[in-house]
Amino acid sequence: MLATPLGRRLSSLANIQHHSLEGATTSFSSANGFVAFTTVLEDNWIEAGVGGTLELTGTASLYGNANLATSFDAAACEIGGKLGLRMNW
């Protein structure tokens, strides 16, 4: 994490992931019985992201990040992010 003047912090991330479980299944109950969900994950992924925090006061700060992940063969892609207000008391 890189600290900058005026209570700002910048961060970055990089991940390489390998999913070794194939077809993991979980079930949820419903009015019509159990409903099964099975994962279909690509084996290898790479992820990169950036984020930051801006202190507004001694007890409040804004934060946000953005991430992009893709499988090594580019067959799947995931985009995500967060934006929020953090309060400490």
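Just so you know, all these numbers are worked out from the coordinates, no wet-lab data involved. What you see is a predicted model; the values in this text were computed from it and never measured. Backbone-built Cβ (ideal geometry, glycine too); neighbour counts: all protein chains shown.
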Expected vector for region 73-88, Karplus 3J(HN,Hα) from phi with 6.51, -1.76, 1.60 and θ = phi - 60°, integer Hz, x for Gly and Pro, equals 8, 6, 7, 9, 9, 9, 10, x, x, 9, 9, x, 10, 10, 10, 10
How charged is the neighbourhood of ALA66? Take every other residue with its Cβ under 13 Å from the Cβ of ALA66, and add Lys/Arg as +1 and Asp/Glu as -1. -1
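Kindly rank 24-31, 67-74 from highest to lowest mean number of other beta carbons found within 10 Å of each residue. Mind showing how you got there, number by number?
Numbers: 24-31: 8.5, 67-74: 13.8.
Sorting 24-31, 67-74 by mean packing, highest first, produces 67-74, 24-31.
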What nm distance separates the two modelled labels at PHE72 and PHE28, each placed 7 Å from Cα along Cα→Cβ? 3.2 nm
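Can you give the FRET efficiency for LEU10 and VAL35, using 1/(1 + (r/R0)^6), R0 = 41 Å, r = Cβ-Cβ distance, to the nearest 0.05?
0.45
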